[in-house]
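Chemist: Take this structure first; my questions come after.
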Amino acid sequence: MEVTPPIVEIIDISKSYRRGSQVVPVLKNITFFIPQGEFIALMGPSGSGKTTLLNIIAGIDRPDNGTIKVAGLDITALSESELADWRAEHVGFVFQFYNLIPVLNALENVELPLLLTGLSKKQRREHCEVALRVVGLADRMDHYPGELSGGQQQRVAIARAIVTDPTIIVADEPTGDLDRKSAEEIMELLERLNLESGKTIIMVTHDPRAAKKARTIKYLDKGVLNNDVLIEAAYKECLKT
Amino acid sequence: MFLLKLLIRNALRHKLRTFLTVLSVAVAVLAYCLLQTVIDAWYSGVRISSSTRLITRNAGSLILPLPMSYREKIRQVDGVKNVSFGVFFGGVYIDEKNFFPNFGGEVKTFLEIYPEYVLTPEDKEEFLKDKRSAIAGQKLANQFSWKKGDKIILKGTIYPGQWEFVIKGIYKGRDRNVDETRFFFHWDYINEQLKKMQSTRADHIGFYIVEITAPELAAVVSERIDSMFKNSIAQTHTETEKAFQLGFVSMSDSIIMALSAVSYIVIMIILAVVANTINMSTRERIGEYAVFKTLGFGGLKIGGLILGESLIITTVGSMLGIVLSFPAAEAFKEKVGTTIPVFYITGNTILEGLFISVIVGLLASIIPIYRGVRTPIVEGLRRIV
Ligand SMILES: Nc1ncnc2c1ncn2[C@@H]1O[C@H](COP(=O)(O)OP(=O)(O)O)[C@@H](O)[C@H]1O
Ligand SMILES: [Mg+2]
């Protein structure tokens, strides 16, 4: 049997925030592994620490304790600028509010992460066109975010996330701000990326319909990762409503 | 290219705010240029004064006269090439507010010593011949629409009476630093009348203009002249024309200082205005900067975005201000007429205007850059909702 080593290793991660004199623990000793090619959904109630965990995995936040390894590299040991370079190369980001730059059109938004690579203008343009074609927006390249629907903006954001061919894609509530139909399209797109291109996707969501597209679901509650039985139960609970 | 595009589009995001900021930079730079030009104009007399000209005046005071008889003695001094003299006449043309400097003098030597006052040969000849004639600078003539042959009456203040002169020439400056607002005439004309009416005042003049053979001799010759009259009734004080002019200028030192202070205050104000605008933009875009950082853009690039936007606003504003300062200076010159004789914007002032815009752009973005770069990504992203 072939053993695929995990692409992301989350080892004993803890994080707390200080609110005045109070220390509020957000993540408590979290350990789990994500294999290469996985499509994982992190679920849990609001405030349970999903975003914090995702940010730590993606290298835009740091844990108080513990280690994150991505493709064997301990990213918690990197300096800020090393981490920035690492993100540029290895992580594609999809946010709830798309976070496109409003003064740049779709093509330029997708081009943004490529500016940090050594690609020529022509190569960048080609990469962008491919990415926009993948998300089905090749005909909207010169539209500005304000001229696109929420679903279309999120697709541009996904194109921006995949254009550098990153090691992992992280998505924080990618359908959280979308109507049901657009949400479905986005989820189908992510699923296709995972199935067809073998992209590792780590997605935070509290939308059960979205989570259903993922292969694995992790359930986070008050900063603790619940075991699978409970997830199953909770997940079913969610789907009922 | 991409960056420039982004910078310009960012700057144009709040068109009204950017427009108002650019406008205030423009107005401030305009004010700065005009103030500097006024200050320059003030010193222009000093700048153009020749280093081979000395002024000998009464050691007691500028307003005390010197006997005409000194002239021959000064001419004998070693190192002296030519001697002329002048009198501040202080005549009023129709009304006090029409002020312009009018001098009586020995016009032949005067024109020899001051080659920068240019007359046509015919005008010069006629002027030298006719005792009652006078010449006026081009600007002065324009102001009162005088032309050759006009009769001008000056009301004497220091020398009572109605004095009539005939304009025999309009002089032009050899270059634009030359004061074209002066009025010169033959002192003989006045002196002859004084001999009849106020004989004690006759045969006295205001100051001697001494041309020396070489600039290095200025100190020695001054010393020789002054020591010659040490034991006379009227002792003399001789100095270079430059020092003499500076003496005038320093009387107004406090005004100049006030003007300089105002121009620096103006700079401080634009600094505050620009800093405020950049600060507002940065605050609004803290989420966007977080996105840039998330994508791997480093602090230098984020700082560059903020600084670039600041510099675009200040340089566009300052260029606008500089462009506007030319017509403004023209209008100003029209208005003040002959009060400030030499008034034009120097290359230095323009460079200063641009330099200020760069400095202001830099200073205004320091705090926003600090904030933009140092805000943690996670915190920046939380602002986007
Ligand atoms: N920068 C911060 N400062 C203080 N508290 C924070 C900060 N970020 C997150 N928290 C707190 O940590 C908890 C988890 O937040 P988050 O990870 O965003 O939860 P989720 O994404 O599951 O809704 C919340 O209680 C939130 O208020
Ligand atoms: Mg969240």
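Chemist: Being within 14 Å of another protein chain (Cβ to nearest Cβ), open to solvent by 10 Å² or more (accessible area, probe 1.4 Å) and assigned to a helix (DSSP H, G or I), is that true of even one residue in the stretch B:282-291?
Modeler: Yes, the stretch B:282-291 has at least one match.
Chemist: Mind checking whether some residue in the stretch A:53-69 is more than 16 Å from ligand 2 (Cβ to nearest atom) and over 22 Å from B:Pro376 (Cβ atoms)?
Modeler: yes
Chemist: Continuing with this model, one more query. Only residues that are away from chain B (no Cβ under 13 Å) and among the polar types (S, T, N, Q): list them for the stretch A:3-58, please.
Modeler: Listed by number, the residues that qualify are A:Thr4, A:Ser14, A:Ser16, A:Ser21, A:Gln22, A:Asn29, A:Thr31, A:Gln36, A:Ser46, A:Ser48.
Chemist: Do any strands (runs of 3 or more DSSP E) lying entirely in the stretch A:12-85 carry at least 3 residues that are surrounded by fewer than 18 Cβ atoms within 10 Å (Cβ to Cβ) and within 13 Å of ligand 1 (Cβ to nearest atom), and which ones are they?
Modeler: Qualifying strands (runs of 3 or more DSSP E): A:22-35.
Chemist: Do the conditions hold for B:Ser44, that is, is it of a type in the set (Gly, Ala, Ser) and modelled with pLDDT of 90 or more?
Modeler: Answer is no for this residue.
Chemist: Is it the case that the stretch B:13-22 has a residue that's within 14 Å of another protein chain (Cβ to nearest Cβ) and either at pLDDT below 90 or not in a helix (DSSP H, G or I) (or both)?
Modeler: Yes, some residue in the stretch B:13-22 is within 14 Å of another protein chain (Cβ to nearest Cβ) and either at pLDDT below 90 or not in a helix (DSSP H, G or I) (or both).
Chemist: Give me a count of the residues in the stretch A:112-143 that are within 23 Å of A:Asp85 (Cβ to Cβ) and among the hydrophobic types (A, V, I, L, M, F, W, C).
Modeler: Number of matching residues: 7.
Chemist: How many residues are surrounded by fewer than 17 Cβ atoms within 10 Å (Cβ to Cβ) and of a type in the set (A, V, I, L, M) when one looks only at the stretch A:106-124?
Modeler: Selection size over the stretch A:106-124: 1.
Chemist: Still on this structure, please answer the following. May I ask you to list the residues in the stretch A:149-174 that are within 14 Å of chain B (Cβ to nearest Cβ) and within 16 Å of ligand 1 (Cβ to nearest atom)?
Modeler: Selection gives A:Val170, A:Ala171, A:Asp172, A:Glu173.
Chemist: Could I ask something else about it? Which ones in the stretch B:1-12 are part of a helix (DSSP H, G or I) and either at the interface with another protein chain (Cβ under 10 Å from one of its Cβ atoms) or open to solvent by less than 40 Å² (accessible area, probe 1.4 Å) (or both)?
Modeler: B:Phe2, B:Leu3, B:Lys5, B:Leu6, B:Leu7, B:Ile8, B:Arg9, B:Asn10, B:Ala11
Chemist: To continue, here is another question. Filter the stretch A:74-103 for residues that are more than 7 Å from chain B (Cβ to nearest Cβ), among the hydroxyl-bearing types (Ser, Thr, Tyr) and on the phi < 0 side of the Ramachandran plot and give the result.
Modeler: A:Thr76, A:Ser79
Chemist: Determine which member of the set B:Gly104, B:Gly90 is small (Gly, Ala, Ser), closer than 26 Å to B:Pro65 by Cα and assigned to a strand (DSSP E or B).
Modeler: B:Gly104
Chemist: Return the residues of the stretch B:292-312 that are assigned to a helix (DSSP H, G or I), within 18 Å of B:Pro376 (Cα to Cα) and within 14 Å of chain A (Cβ to nearest Cβ); say none if nothing qualifies.
Modeler: B:Phe292, B:Lys293, B:Thr294, B:Gly299, B:Leu300, B:Lys301, B:Ile302, B:Gly303, B:Gly304, B:Leu305, listed by residue number.
Chemist: Let me ask something else about it. Being open to solvent by less than 50 Å² (accessible area, probe 1.4 Å), within 16 Å of ligand 2 (Cβ to nearest atom) and either part of a loop (DSSP other than H, G, I, E, B) or aromatic (Phe, Trp, Tyr) (or both) is the requirement here; does A:Pro166 meet it?
Modeler: No: the conditions fail for A:Pro166.
Chemist: Scan B:Val80, B:Val92, B:Val38 and give me the residue that is of a type outside the set (D, E, K, R), over 27 Å from B:Ile255 (Cα atoms) and open to solvent by 10 Å² or more (accessible area, probe 1.4 Å).
Modeler: Answer to the check: B:Val80.
Chemist: Would you be able to say whether some residue in the stretch A:3-11 is exposed (fewer than 12 other Cβ atoms within 10 Å of the Cβ), more than 16 Å from ligand 2 (Cβ to nearest atom), touching a residue at least 12 places away in the same chain (Cβ under 8 Å) and assigned to a loop (DSSP other than H, G, I, E, B)?
Modeler: yes
Chemist: Related question: For A:Asp177, are the conditions met, namely being closer than 21 Å to B:Met1 by Cβ and within 14 Å of another protein chain (Cβ to nearest Cβ)?
Modeler: no
Chemist: Listed residues B:Ile190, B:Ile158, B:Ile170; which is in contact with a helix residue (DSSP H, G or I) (Cβ under 9 Å, 6 or more places away or on another chain) and of a type in the set (A, V, I, L, M, F, W, C)?
Modeler: B:Ile170
Chemist: Return yes when A:Lys213 is away from ligand 2 (no atom under 16 Å from the Cβ), modelled with pLDDT under 95, more than 23 Å from A:Leu112 (Cβ to Cβ) and open to solvent by 30 Å² or more (accessible area, probe 1.4 Å) and no when it is not.
Modeler: So A:Lys213 passes the test.
Conditions tested, residue by residue: (1) away from ligand 2 (no atom under 16 Å from the Cβ); (2) charged (D, E, K, R); (3) away from chain B (no Cβ under 14 Å); (4) within 24 Å of A:Pro45 (Cα to Cα).
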position	(1), (2), (3), (4)
A:Lys122	yes, yes, no, no
A:His127	yes, no, yes, no
A:Val135	yes, no, yes, no
A:Ala138	yes, no, yes, no
A:His143	yes, no, yes, no
A:Glu147	yes, yes, yes, no
A:Glu184	yes, yes, yes, yes
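Chemist: So if I check each of B:Ile350, B:Ile367, which one is of a type in the set (Val, Ile, Thr), open to solvent by 30 Å² or more (accessible area, probe 1.4 Å), away from every other protein chain (no Cβ under 14 Å) and within 15 Å of the chain's Cα centre (by Cα)?
Modeler: Matching residue, one of B:Ile350, B:Ile367: B:Ile350.
Chemist: State all residues of the stretch A:188-204 that are within 14 Å of ligand 1 (Cβ to nearest atom) and in contact with an Asp or Glu (Cβ under 6 Å, 6 or more places away or on another chain); if no residue qualifies, say none.
Modeler: If the condition is that a residue be within 14 Å of ligand 1 (Cβ to nearest atom) and in contact with an Asp or Glu (Cβ under 6 Å, 6 or more places away or on another chain), then A:Val204 is the only one that fits.
Chemist: Considering only residues that are more than 8 Å from every other protein chain (Cβ to nearest Cβ) and under 20 Å from the mean Cα position of the chain (by Cα), which ones fall in the stretch A:107-120?
Modeler: Correct list: A:Asn109, A:Val110, A:Leu114.
Chemist: Please go through the stretch B:122-143 and give me each residue that is under 17 Å from B:Lys333 (Cβ atoms), in contact with a strand residue (DSSP E or B) (Cβ under 7 Å, 6 or more places away or on another chain) and in a helix (DSSP H, G or I), ordered by number.
Modeler: B:Gln138, B:Leu140, B:Ala141 - these are the residues of the stretch B:122-143 that are under 17 Å from B:Lys333 (Cβ atoms), in contact with a strand residue (DSSP E or B) (Cβ under 7 Å, 6 or more places away or on another chain) and in a helix (DSSP H, G or I).
Chemist: Also: So, A:Glu185, is that one away from ligand 1 (no atom under 13 Å from the Cβ), under 15 Å from the mean Cα position of the chain (by Cα), assigned to a helix (DSSP H, G or I) and not β-branched (Val, Ile, Thr) or not?
Modeler: Considered against the rule, which asks whether it is away from ligand 1 (no atom under 13 Å from the Cβ), under 15 Å from the mean Cα position of the chain (by Cα), assigned to a helix (DSSP H, G or I) and not β-branched (Val, Ile, Thr), A:Glu185 comes out as no.
The values are calculated or read from the model by the stated rules, or taken from the named source; none is laboratory data. Computed from a predicted structure; not experimentally measured. Every residue, glycine as well, gets a Cβ built from its backbone with ideal geometry; the counts of neighbours run over all protein chains shown. These area figures cover heavy atoms from the full protein model, side chains too; ligands, DNA and RNA do not enter into them. Shrake-Rupley method; radii C 1.70, N 1.55, O 1.52, S 1.80 Å.
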